[in-house]
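The values are calculated or read from the model by the stated rules, or taken from the named source; none is laboratory data. Model, not experiment: these values are computed from the prediction. Here the Cβ positions follow ideal geometry from the backbone for every residue, glycine too, while neighbour counts run over all protein chains shown.
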Amino acid sequence: MKKIVEQNQAGMDESLIDYDVLVIGGGIAGDEAALKLADVGYKILIVEKDLSIGGRMILLSKVFPTLDCSACITTPKVSETARHRNISIFTKTEVKSITRRQDNFFDITILKRTRYVLETLCTGCKECEDVCPILIPDEYQYNQVARKAVFIPFSIAQPRIANIDIDNCILCGLCEKKCPSDAIDFTLVDTYEHLVVKSVVLATGFRLFNPTVLSRYGYGRYKNVMTAMEMERQLAPTRPYNSVLRPKDGKMPDNIAYLLCVGSRDQTVGNPICSQICCMYSTKQAQLLLGALPMADVTVYYLHVRAFGKGFCEFYNQALSMGVNYIKAKVASVREKENGNLILRYEDFSTGQVEEQEHDLVVLATGILANAEIESVFKGEKLELDPYEFVRQKDMLTNPAITSISGVFAAGTVTGPMDIPDTILSAGAAAAEATAYLKKLS
Amino acid sequence: MKKRIGVYVCHCGGNISDVVNVSEVVTAVKDMEGVAIAKNTLFACSDAAQNEIVNDITSLHLDALVIASCSPKLHLHTFRAVAERAGLNSYNYVQVNIREQCSWAHSYEKVSATGKAIQLVKSGIERVIFSRAMEPFSIPAEQSVMVLGAGIGGMRSAISLANVGLQVYLLEREFFIGGRTAQWGDLSAAYENGPEVVSRLFKQIREHANIHLFIGAELISQSGNIGSFEVKVKIKPRRISGDCDESGFNQAISICPVEVPDDFNFGLTSRKAIYQHYPSEYPAIPAIDDANCNFCGACESLCKSIDLNQKEEILNLKVGNIIVNTGFDPYEPTRGEFGYNEIERVLTLPQFKRLVDISGAGKLNFKGKQIHTITYIFCVGSRQGEEGENQYCSRYCCTTALNTAIIVKRKFADITNIHCTRGIRTYGKQELIYEESSRQGDIFLEFSFENMPVVEERNGKVFVRIKDILTANREMEAETDLVVLITGMVPRRNNNIAQMLKIPTGRDHFFNEIHAKLRPVETVIDGVLIAGTCQGPKNIMETLNSSMAAAAKSAASLSSGTIHLEPIVADVNTDQCTGCGICLTVCPFDAIVTAGPEDKPAVSIVISRCKGCGMCLPVCPEDAIELYGFTNEEMEGMIDGLTSY
Amino acid sequence: MESSSAKLKVLVFSTDKISDPAIDLAGLLKKHYPAGVYTISVPCSSAIKPRWIIHALQRGFDGVFIAADGTDCPYGELCVPNTANLVAATQIKMEKLGIAPQRLKMAAICSICAEPFVRYMNSFLHDLDTI
């Protein structure tokens, strides 16, 4: 689409428009929506606050119910997004404010945080990493291994360029000297920029429940109690170790327990809804674990197994036939033995009795929560949220993509828990609605 | 002949390299004739690897590319684009499948799998040696789409398509629009009912100049390609042309002597051969159903717009894409399944929903008796186990059943709901409906697949017996006034669309998309998209999302005005051709014509009609026909590669 | 448990839209079949030239299996008779060349027929072993 200088109905000069659509969030929902819009010819800006696009999905191991490797599905989409001539991407950038100007446009303020690396010069060679003396927990591996203060987030990151974690950097300057392309520059600063766009797609995704508040499960206190996302990284192709290991002693576990509904369907933590994905990702991890550790036993403690989507029930049956043990139970507590093993205390529905069982690793299937920060970015107009702080769908029964603000559309888990296929369809719906909106404007 | 071939063997994380020794494969092929470079790569599809390949192509002047990785169905286009970015023609790229058809299929035989991978890669190299550069054909894309089915999904697709400026032909096989949702009564949270949702969408349909709605319309034939499908549509006679004053229609309906079970109410009530389902229905005039009308003519005398001689019409349309949104059927239990059709007080969920909808508030009566206790049996026709027909979960039924139980309790006095479930699956925010039904005092029991509940009638009373998992498998029996079988979704019966459009179905017999995550609304037939419940069970919101996603995909593919088609077509060697014409008899597309001078007759291919199926190849007695991309050189080269040592 | 059929080599002609997806599905579902089974995909099963089949058998394949589209063929009903004809014509040629016609087999494989495919492979290899 050519930028044509013309006065439209609202009297706005088209030449002042920077992008047709601002997509907030570069995860799989944002990428999908951006691609569909860009294919129609609109100019899109994706703003991602993290260092890479690809969101949560690019960090997963395999995906249910097909066991496709997640990277194989995400990376081509991510690279198509990065290459599309109608799409621009700012990573490490946050949207600070969105204000309606006249009727049909939005003024946007973004904060581009610097990487202290000149993005055009960095080749991703990682030589800086080798010389950096600082070691800190690697958040992209869910803190299971260390990274340097100057680092490339992960091998399939997009863009694959270095970033300096200035909070942990001691400014020794070794990386600056080492960099073969002189890409490191400590004088760079964060910058604010102002943009004008015609519409906005919200694709800010979700937060994971932090299980430390549920002290009865011992996460944070007992080393061999881990979250499913931590396990996901151990099973991923870009995994930190080449095997599945217990955090406490590096031993290969052989009797693993999964606890479902951690932080979901739980009024005591203020989240009564079901997270929709935990049953299936646990079922998937159980199958992968049986593949990775052929001698291991995997037990899933559940209330209900929500295998509802296309192929899910068959996938659950497959796990049962592989020997994954499902116990319908309410888990009351977890306690640690001296050797690091864990005792689960639970009420077993099949006997009606309180039982105890020892496992050497406990995985918490933590639920997903709304990422409500986006609400405060809207100035002068209220972005309505539902009681659980997900973006409210104004008209779920005839148009699931519209929000309480005209010209602002929702894609993926910003409106509630969703699995990947549903997220992609929802992003398609947001793209369809944004296209319809833009056509009407012109 | 290609002389500078680049070969890349992908680890796919470990999906390939855990079984196949990737470096052994690279070593085995790197010295083959024509191979300029052979490498392994962690993820060939990653951006970094793509850039590396592009750099190699340009810096090493590669003239052909082989990537051994996953199935071409996943990434053929990804890697063709890589070739093109480096200035290499995309048809000089060959993808070798060493994942689905090697490492995954032979994961217990690492040595044999590595051996097989080596032969497969050699075969790909032999093929690419003979590959030739081709350019896709460009054809103009019709700026129109046909949508099949005017339920909420089809209407939603139509509105989204029309809003982006495309012409839409919306076809509904029935005489009334709205599909299943029109039958659905109060929806979850009960702030709106099915007919209201239908009329809100219909209002947009009616007001949109780009949408052309055909009712009683069926697709009868289809030909052509993405960008320009030619379709033939039959419009059944409604036998009512226009308006008639209301009393006229009412009189016509009451005079009609034919009475049949009303399928809109799932047989709970009856209707006439001239009928309308509910007053605000669209279109707001009745229809005459030919299957049951005896053409007595009684109604005709009462209303001048009734015309029993109305004829069917045939319409010819040209469209760029087709979106199939034909919905589902409720599962119909077999006779005697939980007493269905044997015990009068056993209904299916859709029947019960209609009963709730058409009964006035206050007391709920059925067959002359007031209903107090209702027992719901879940997963009827779904999750039928490893041996069963329907192994899948129907997704919407738990929520709908509980929501109905809530509505029943709100609308009628003295109701007790007993739910016999196989584990409630109110996923996501629908969990709140489960919570509400628990809070209102509904009783929950749970049975396992091995111990199904039993419904029995004794002395005119109905009993449900269940072994309850939630109380340590205690066996209990409840007397109940009504049993509701929570039936799932099954693919539509009488659906010839799949055969006509060649849409494959999945293991669950619903229409199958290419890839649930990468291409969730596309089928293997380019330009034919699927959405809504014809693809698998979905609730309303999920149906709308997929319907809009299909519209977005359609808009993206047609918006440039041009469609690029594969240049894989047949080619005749006129020197060898004798003009015998045998090939003309096997071509399904009339793409071969006789040509050439009289003394040297020969055939030639009409490229615009050729779809590249290759049916003409084996029948030629002179072996004078080749298919681009599948020439004798390429095919026999591949075979040589598979058998060389 | 290595039987002599494990060393046999079979060439499968699959079709891009129907039977090749089924063979992919077999891999996806980890339904194992012998590694001596190789696949070449073509647009339609009625496009396979007898000379390719004979070339494969002469080059060392023990058998050729056509995973045909059957009635699912996206190119229409003509696929079924046309494929049957080419199989019959090839078998006549094979006999003339002294190749047992049982070395060529055809069956319709639908797009989700992963399990039938694996069964066909096992039984075909077994049959080839007894020739």
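Some points to look at:
- Any hit, the stretch A:63-74, residues being touching a Lys or Arg at 6+ places or on another chain (Cβ under 6 Å), within 11 Å of chain B (Cβ to nearest Cβ), assigned to a strand (DSSP E or B) and of a type outside the set (A, V, I, L, M): yes
- Filtered residues of the stretch B:554-584 (kept if closer than 30 Å to A:ALA432 by Cβ and not polar (S, T, N, Q)): B:ALA555, B:ALA556, B:LEU558, B:GLY561, B:ILE563, B:HIS564, B:LEU565, B:GLU566
- Scoring B:SER547 on the criteria (1) part of a helix (DSSP H, G or I); (2) at positive phi leaves a single failure, condition (2).
- Within the stretch A:388-402, residues that are more than 9 Å from chain B (Cβ to nearest Cβ) sit with their Cβ atoms under 9 Å from residues that are surrounded by 22 or more Cβ atoms within 10 Å (Cβ to Cβ) and acidic (Asp, Glu), at 6+ positions apart or across chains, in these pairs: A:ILE402/A:GLU433.
- Leading residue by the ranking (farthest from the other protein chains (Cβ to nearest Cβ)) among those in the stretch A:315-331 that are within 23 Å of A:GLY263 (Cα to Cα) and of a type in the set (Phe, Trp, Tyr): A:TYR326
- Single match in C:ALA107, C:ALA88 (criterion: free of Cβ contacts under 8 Å to residues at least 60 places away in the same chain and over 13 Å from the mean Cα position of the chain (by Cα)): C:ALA88
- Residues in the stretch C:117-131 that are touching a helix residue (DSSP H, G or I) at 6+ places or on another chain (Cβ under 8 Å) and either surrounded by fewer than 20 Cβ atoms within 10 Å (Cβ to Cβ) or among the polar types (S, T, N, Q) (or both): C:HIS126, C:ASP127, C:ASP129, C:ILE131.
- Just one residue in the set A:SER350, A:SER376 is away from chain B (no Cβ under 14 Å), small (Gly, Ala, Ser) and free of Cβ contacts under 8 Å to residues at least 24 places away in the same chain; that residue is A:SER376.
- Residues in the stretch A:103-120 that are of a type in the set (Val, Ile, Thr) and in a strand (DSSP E or B) were compared, and the one that is farthest from A:ASP182 (Cα to Cα) is A:ILE108.
- Test result for A:ALA411, within 9 Å of chain B (Cβ to nearest Cβ) and surrounded by 24 or more Cβ atoms within 10 Å (Cβ to Cβ): no
- Taking every residue in the stretch A:44-57 that is within 21 Å of A:ASP419 (Cβ to Cβ) and pairing it with any residue that is crowded, with 23+ Cβ neighbours inside 10 Å and hydrophobic (A, V, I, L, M, F, W, C), at least 6 positions away or on another chain, the pairs with Cβ-Cβ distances below 6 Å are A:ILE53/A:VAL78; A:GLY54/A:VAL78; A:GLY55/A:ILE28; A:MET57/A:ILE28.
- Any hit, the stretch A:287-303, residues being out of contact with any Pro (no Cβ under 6 Å at 6 or more places or on another chain), farther than 18 Å from A:VAL324 by Cβ and within 10 Å of chain B (Cβ to nearest Cβ): no
- Leading residue by the ranking (farthest from the other protein chains (Cβ to nearest Cβ)) among those in the stretch B:410-439 that are touching a strand residue (DSSP E or B) at 6+ places or on another chain (Cβ under 6 Å) and not in a loop (DSSP other than H, G, I, E, B): B:THR416
- Subset of the stretch A:229-248 that is basic (Lys, Arg) and more than 11 Å from chain B (Cβ to nearest Cβ) - its residue that is nearest to the chain's Cα centre (by Cα): A:ARG233
- Residue in the stretch A:123-135 that is of a type in the set (Ser, Thr, Tyr), crowded, with 22+ Cβ neighbours inside 10 Å, touching a residue at least 40 places away in the same chain (Cβ under 8 Å) and not assigned by TED's automatic domain parsing to the domain that holds A:GLU230 present: no
- Of the helices (runs of 4 or more DSSP H) lying entirely inside the stretch B:1-118, those containing at least 2 residues that are surrounded by fewer than 24 Cβ atoms within 10 Å (Cβ to Cβ) and either at the interface with another protein chain (Cβ under 9 Å from one of its Cβ atoms) or within 39 Å of the chain's Cα centre (by Cα) (or both) span B:47-59, B:72-85.
- Residue in the stretch B:122-132 that is surrounded by fewer than 24 Cβ atoms within 10 Å (Cβ to Cβ), touching a Gly at 6+ places or on another chain (Cβ under 9 Å) and either of a type in the set (Lys, Arg) or on the phi > 0 side of the Ramachandran plot (or both) present: yes
- Counting the residues of the stretch C:117-131 that are touching a residue at least 24 places away in the same chain (Cβ under 8 Å) and either touching a Cys at 6+ places or on another chain (Cβ under 7 Å) or closer than 18 Å to B:GLN101 by Cβ (or both) gives 7.
- In the stretch B:254-268, of all residues being within 26 Å of B:PHE352 (Cβ to Cβ) and not acidic (Asp, Glu), the one that is surrounded by the fewest Cβ atoms within 10 Å (Cβ to Cβ) corresponds to B:PRO261.
- Filter result for B:GLY536 (closer than 30 Å to C:CYS113 by Cα and either in the same structural domain as B:PRO621 (by TED's automatic domain parsing) or not hydrophobic (A, V, I, L, M, F, W, C) (or both)): yes
- Residue selected from the stretch B:543-567 under the condition surrounded by fewer than 24 Cβ atoms within 10 Å (Cβ to Cβ) and within 7 Å of another protein chain (Cβ to nearest Cβ), by the criterion modelled with the highest pLDDT: B:LYS553
- The set of residues in the stretch B:276-322 that are among the charged types (D, E, K, R) and in contact (Cβ under 8 Å) with a residue 60 or more places away in the chain comprises B:GLU281, B:ASP289, B:LYS304, B:ASP307, B:LYS311, B:GLU312, B:GLU313, B:LYS318.
- Condition check for B:ASP263: under 26 Å from B:SER359 (Cα atoms) and charged (D, E, K, R): yes
- When we screen A:ASN399, A:ASN339 for residues that are more than 20 Å from the chain's Cα centre (by Cα) and not assigned by TED's automatic domain parsing to the domain that holds A:VAL200, the only hit is A:ASN339.
- For the stretch C:28-47, the tally of residues that are within 8 Å of another protein chain (Cβ to nearest Cβ) and at pLDDT below 90 stands at 3.
- Checking each residue of the stretch A:219-233 against the condition of being in a helix (DSSP H, G or I) and among the small types (Gly, Ala, Ser) gives at least one match.
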